[in-house]
2 protein chains.
Amino acid sequence: MKLQLTSPYTESVSQVHEPSTTRDSSPSQQPRWLAPQERDAWLRLVGVVIKLPTALDAQLQRDAGISLFEYQVLAGLSEAPDRMLRMSDLAELTNGSLSRLSHVVKRLGSRGWVRREPCPEDGRSTNAILTDEGLAKITATAPGHVDTVRRLVIDALTAAQVRSLREIGTRILQQVDPADTFRLRRAAPDAPAPGQERSR
Amino acid sequence: MKLQLTSPYTESVSQVHEPSTTRDSSPSQQPRWLAPQERDAWLRLVGVVIKLPTALDAQLQRDAGISLFEYQVLAGLSEAPDRMLRMSDLAELTNGSLSRLSHVVKRLGSRGWVRREPCPEDGRSTNAILTDEGLAKITATAPGHVDTVRRLVIDALTAAQVRSLREIGTRILQQVDPADTFRLRRAAPDAPAPGQERSR
DNA sequence: GAGCAGAACTTGAAGCGTCAAGCTTCCTGT
DNA sequence: ACAGGAAGCTTGACGCTTCAAGTTCTGCTC
């Protein structure tokens with residue numbers, strides 16, 4: 001096995017060296033390749049981004065017969081007031097498209113875990129509601145999933161690394177989805193004042 | 001928008017509290033929920049893991065008409081000796097299944113960027129080879145992609161965070177795919193004395 | 001108060017990845 | 001030297017996601 005590099009991130013491939021046009025809004029000809037440590041960090045991240053969801057899906061599929069996305073849908077509803085959420089809110093919460101969610105809710109509906117109901121306040125909207133069976137399902141599934149999350153991520157890191165991960169994730173998400181930034185500002189202030197949820 | 005929690009990671013859902021059976025190999029009934037900062041780091045990571053590939057795919061699709069995985073395939077070949085790699089090595093390199101790779105190489109072949117050739121040394125193996133057109137393609141595509149990687153990830157972080165990310169990624173990958181660990185040991189040894197490790 | 005842009009959602013079709021089979025080729029033991 | 005099993009790869013079918021319309025409803029604006 002002689003696999004060494006993974007992709008042209010350092011200057012091995014391209015000889016194109018446009019010396020500092022400094023106009024970087026046109027994504028075409030910048031020679032700003034990655035330094036070795038940067039490239040390395042990047043390749044690790046790509047590995048995580050590809051393999052972690054697969055691993056989580058595998059555990060959920062094996063133990064509960066649902067996908068990670070389905071888990072997130074059920075889990076999101078389980079923590080919502082009245083176990084009910086508008087489709088678009090649920091889509092945003094689960095980082096999924098409305099279309100995807102619509103398909104998934106239909107499947108979850110046919111399994112008896114979710115039902116739909118027109119939203120009284122806005123005729124265009126649909127509310128997704130977690131049924132009792134759905135709550136039972138997510139309640140039964142959660143411990144195994146959380147255990148997996150611990151094993152694969154949290155418990156593999158030091159406390160300092162967990163803090164760092166949180167900050168790094170925030171930074172990346174701000175770049176990837178700036179519109180979403182306001183969501184990043186809420187949630188868990190650094191010092192844990194435990195046991196107060198229930199606001200909204 | 002009143003979305004607050006994303007999934008039962010803290011103890012909001014389950015009332016199941018088996019007090020310390022301490023047997024954790026059976027992934028069924030552990031009440032070890034996540035502390036708020038842990039949960040928060042986790043939700044950030046999930047966001048990244050879902051949205052980052054989408055963003056990268058979008059850029060590549062828009063500017064070059066290829067997916068991230070296809071990019072990785074072409075890029076991997078471009079850096080290999082003779083621009084040639086056995087299918088299984090390429091699969092491992094790109095974090096993909098052999099089956100997936102086979103389909104993708106077929107598509108890339110029909111676009112003229114890759115060709116297949118039986119491996120002389122091992123009759124079971126197939127070599128994937130990057131054509132001149134394929135090299136031209138990846139050479140043209142790389143700068144825009146690297147620029148995106150910089151914008152979304154590297155340049156959004158401090159140097160210390162990049163180092164941290166590298167270490168965190170390594171840890172997670174060791175958990176997710178222990179068989180792959182040897183690959184994590186190679187690559188970029190120039191990390192400056194990484195203060196703490198070896199927690200478990 | 002009528003028309004119109006846009007928001008919220010659904011649906012069907014097309015594309016991609018996974019899974020299970022199947023086909024060669026290689027290796028190991030006897 | 002040959003049988004059995006494993007490794008490497010390909011293929012087809014199925015399921016899920018995305019994409020592009022299409023529908024219904026809301027809120028503006030004139």
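Figures for the structure shown
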{"quantity": "Extreme residue, nearest to DNA strand C (Cβ to nearest atom), among residues of segment A:59-88 that are assigned to a helix (DSSP H, G or I) and among the charged types (D, E, K, R)", "calculated": "A:Arg62"}
{"quantity": "Checklist (1) at positive phi; (2) at pLDDT 95 or above applied to A:Asn95, failing item", "calculated": "(2)"}
{"quantity": "Sole exception among (1) among the small types (Gly, Ala, Ser); (2) within 16 Å of DNA strand C (Cβ to nearest atom); (3) surrounded by fewer than 20 Cβ atoms within 10 Å (Cβ to Cβ) for A:Ala91, by number", "calculated": "(3)"}
{"quantity": "Positions within segment A:108-148 being in contact (Cβ under 8 Å) with a residue 24 or more places away in the chain, within 13 Å of DNA strand D (Cβ to nearest atom) and outside any loop (DSSP other than H, G, I, E, B), in sequence order", "calculated": "A:Leu108, A:Thr126"}
{"quantity": "Top-ranked residue of segment B:64-76 - restricted to ones that are within 10 Å of chain A (Cβ to nearest Cβ) and within 14 Å of DNA strand D (Cβ to nearest atom), ranked as surrounded by the most Cβ atoms within 10 Å (Cβ to Cβ)", "calculated": "B:Val73"}
{"quantity": "Criterion (at the interface with chain A (Cβ under 9 Å from one of its Cβ atoms) and surrounded by fewer than 21 Cβ atoms within 10 Å (Cβ to Cβ)) met by exactly one of B:Lys51, B:Lys106", "calculated": "B:Lys51"}
{"quantity": "Out of B:Asp132, B:Asp122, sole residue that is within 14 Å of DNA strand C (Cβ to nearest atom), over 25 Å from the mean Cα position of the chain (by Cα) and within 14 Å of chain A (Cβ to nearest Cβ)", "calculated": "B:Asp122"}
{"quantity": "For A:Asn95: the one exception among (1) within 13 Å of DNA strand D (Cβ to nearest atom); (2) among the polar types (S, T, N, Q); (3) farther than 30 Å from B:Leu52 by Cβ", "calculated": "(3)"}
{"quantity": "Residue match in segment B:83-92 (condition: at the interface with chain A (Cβ under 7 Å from one of its Cβ atoms), among the acidic types (Asp, Glu), free of Cβ contacts under 8 Å to residues at least 60 places away in the same chain and within 22 Å of A:Phe69 (Cβ to Cβ))", "calculated": "no"}
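The values are calculated or read from the model by the stated rules, or taken from the named source; none is laboratory data. Here the structure is a predicted model, which is why all the values come from computation and not from measurement. A quick note on method: Cβ atoms are made from the backbone with ideal geometry, for glycine too, and the neighbour counts reach across all protein chains shown.
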